[in-house]
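**Student:** Structure in structure tokens, see below.
The values are calculated or read from the model by the stated rules, or taken from the named source; none is laboratory data. Model, not experiment: these values are computed from the prediction. Glycine gets a Cβ as well: all are built from the backbone with ideal geometry, and neighbour counts include every protein chain shown.
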Amino acid sequence: MSNQTRVLLVDDHALCRSGLTELLQHRGGMDVVGATGDPKLVVSLLREHQPDLMMLDLRLSDTDGLSLLRQIRADGLETPVVILTMSDNEDDLAAALRAGVRGYLLKDMEPEEVIDSISRAARGEMVVASSMTLKLVQILQSGPKGSVMGSLVASLTEREREVLDHVARGQSNKEIAKKLDISHNTVKLHVRHILDKLNLRSRVEAAVFAFEYGASPEGVQAAGDAAALRNKPAHGH
């Protein structure tokens, strides 16, 4: 009960649910608090068990995983979600990232890699199957990059850069509010401004953006300062 990671499994294949339960509980030392293939039960299971993490398949019999995720968020539940799927499709990965998932794992991964990824996700890290890394980079490179990126960082206020650093560490709005001694609503506002200014679509993209600057306030700050200096002589686009 104490420090065990508590996981809810949502997959419409019974064999997959039982295999994952076995893997996570007996080899991963985690506590699988619930497992279902019925999307209609998910909200009540989340409320009842309050897991640290939910593992969600993209393809469910009555709906798709991301539609279910949107419904869960609309119900005010912020449980971190890791997708576990057969799909190595770049569009599915991009859609999942836009939906704000904490991870995207594949069902053909090695068992130990799955356990390690779930443990890291429970600690607040973003996890993506190693075979999907190149696709992740391609998705992110389709957004604003390079010198444009530095200019975008320069547009952030000091507080926004600080919040961005905490987002990069996978911390929730509540955790950031506590760390920075500001209100939960203020953090939400800062995150919204950060996404707008950086032309990003989700916290996950913001996290990867920040990692390019070393995921530290100093790195983000230095990038912003350097861009501001570069842009001083000529203000053109």
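**Student:** Find the residue count for region 52-80, including only residues that are touching a residue at least 40 places away in the same chain (Cβ under 8 Å), more than 14 Å from HIS13 (Cα to Cα) and in a helix (DSSP H, G or I).
**Tutor:** 1
**Student:** If you check GLY34, GLY76, which single one turns out to be at pLDDT 95 or above and more than 19 Å from SER117 (Cβ to Cβ)?
**Tutor:** Exactly one residue qualifies, and that residue is GLY34.
**Student:** Go through region 192-204 residue by residue and tally those that are acidic (Asp, Glu) and at pLDDT below 75. Spell out how you get there, then give the answer.
**Tutor:** Taking region 192-204 first, the residues acidic (Asp, Glu) are 196.
If we keep only those that are at pLDDT below 75 as well, we get none.
The qualifying residues number 0.
**Student:** Where residues in region 1-17 are among the polar types (S, T, N, Q) and surrounded by fewer than 14 Cβ atoms within 10 Å (Cβ to Cβ), which of them is farthest from ASP57 (Cα to Cα)?
**Tutor:** Top of the filtered list is SER2.
**Student:** Further question: Just to be sure before I move on: is ARG98 in contact (Cβ under 8 Å) with a residue 12 or more places away in the chain, touching a strand residue (DSSP E or B) at 6+ places or on another chain (Cβ under 6 Å), surrounded by 14 or more Cβ atoms within 10 Å (Cβ to Cβ) and among the basic types (Lys, Arg) in the structure I sent?
**Tutor:** Considered against the rule, which asks whether it is in contact (Cβ under 8 Å) with a residue 12 or more places away in the chain, touching a strand residue (DSSP E or B) at 6+ places or on another chain (Cβ under 6 Å), surrounded by 14 or more Cβ atoms within 10 Å (Cβ to Cβ) and among the basic types (Lys, Arg), ARG98 comes out as no.
**Student:** If I ask for residues that are of a type in the set (D, E, K, R), more than 20 Å from the chain's Cα centre (by Cα) and within 17 Å of LEU84 (Cα to Cα), which ones from region 27-54 would you list?
**Tutor:** At the first step, the residues of region 27-54 found to be of a type in the set (D, E, K, R) are 27, 31, 38, 40, 47-48, 52.
Still in the list and also more than 20 Å from the chain's Cα centre (by Cα): 27, 31, 38, 40, 47-48.
Scanning region 27-54 gives a single hit, ASP38.
**Student:** Ok, one more. Restricting attention to region 81-93, report how many residues are touching an Asp or Glu at 6+ places or on another chain (Cβ under 8 Å) and either in contact (Cβ under 8 Å) with a residue 60 or more places away in the chain or closer than 15 Å to VAL128 by Cβ (or both). Outline the logic, then answer.
**Tutor:** Of all residues in region 81-93, those touching an Asp or Glu at 6+ places or on another chain (Cβ under 8 Å) come to 83-86.
Right, trim to either in contact (Cβ under 8 Å) with a residue 60 or more places away in the chain or closer than 15 Å to VAL128 by Cβ (or both) and you get 83-85.
Counting residues in region 81-93 that are touching an Asp or Glu at 6+ places or on another chain (Cβ under 8 Å) and either in contact (Cβ under 8 Å) with a residue 60 or more places away in the chain or closer than 15 Å to VAL128 by Cβ (or both) gives 3.
**Student:** Looking at region 84-93 only, could you name the residues that are of a type in the set (A, V, I, L, M), more than 11 Å from LEU56 (Cα to Cα) and surrounded by 20 or more Cβ atoms within 10 Å (Cβ to Cβ)?
**Tutor:** Residue satisfying the conditions is LEU93 alone.
**Student:** Could you list, in sequence order, all residues of region 1-31 that are farther than 15 Å from ILE118 by Cβ, touching a strand residue (DSSP E or B) at 6+ places or on another chain (Cβ under 9 Å), assigned by TED's automatic domain parsing to the domain that holds LYS107 and part of a loop (DSSP other than H, G, I, E, B)?
**Tutor:** Once the filter is applied, which keeps residues that are farther than 15 Å from ILE118 by Cβ, touching a strand residue (DSSP E or B) at 6+ places or on another chain (Cβ under 9 Å), assigned by TED's automatic domain parsing to the domain that holds LYS107 and part of a loop (DSSP other than H, G, I, E, B), region 1-31 yields only ASP12.
**Student:** OK, next. On the basis of being part of a helix (DSSP H, G or I), modelled with pLDDT of 90 or more and of a type in the set (A, V, I, L, M), does LEU46 make the cut?
**Tutor:** Yes; evaluated as a whole, the condition is true for this residue.
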